[in-house]
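All remarks here apply to the structure that follows.
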Amino acid sequence: MLSPDLPLTRVETAEWGAPATDPADYATIRSYAPYDNIRRMGADSQMPSILVTAGGLDQRVSVWQPAKWVARLREQGGYADSATASKLLFLPTMNKGHFYSESGNTTGDYAGNGFANAHSLVNA
């Protein structure tokens, strides 16, 4: 949102403000931004298990963005210890788009195996 190469449109500015030029808008967005609000967890903290998905053809969220978030969670969020009961799984699917969409898929079955992925996380 701060890149001058990708300026916000009028619709986005109405929703998000002008974080590149307005310190108050920047502070508001930063206060709830998932990447910026990861806190180092103590040894006694129990984090939830998380399945993070990403699509290589996603035009809304580039695959590197969730990958960067997962790396930061592993570093600071309490997922680095393999003995923890909490699991953090990252499932990039390079031939899919946003919500696992793909060209020619009109069935609404956006993952095909979404239930299996969620079930695997619960039973990991």
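Overview of results
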quantity	calculated
Within the stretch 22-43, tally of residues that are in a helix (DSSP H, G or I) and either surrounded by 15 or more Cβ atoms within 10 Å (Cβ to Cβ) or touching a helix residue (DSSP H, G or I) at 6+ places or on another chain (Cβ under 8 Å) (or both)	3
Residue match in the stretch 108-119 (condition: touching a Leu at 6+ places or on another chain (Cβ under 7 Å), modelled with pLDDT under 70 and exposed (fewer than 13 other Cβ atoms within 10 Å of the Cβ))	yes
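Results for (1) at pLDDT 80 or above; (2) assigned to a loop (DSSP other than H, G, I, E, B); (3) hydroxyl-bearing (Ser, Thr, Tyr), shown as yes or no for each residue.
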position: Thr13; (1), (2), (3): yes, no, yes
position: Ala20; (1), (2), (3): yes, yes, no
position: Ser45; (1), (2), (3): no, yes, yes
position: Gln65; (1), (2), (3): yes, no, no
position: Trp69; (1), (2), (3): yes, no, no
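The values are calculated or read from the model by the stated rules, or taken from the named source; none is laboratory data. Owing to the predicted nature of the structure, the values given are computational and were not obtained by experimental measurement. FYI the Cβ positions are ideal-geometry reconstructions off the backbone, even for glycines, and counts take in every protein chain you see.
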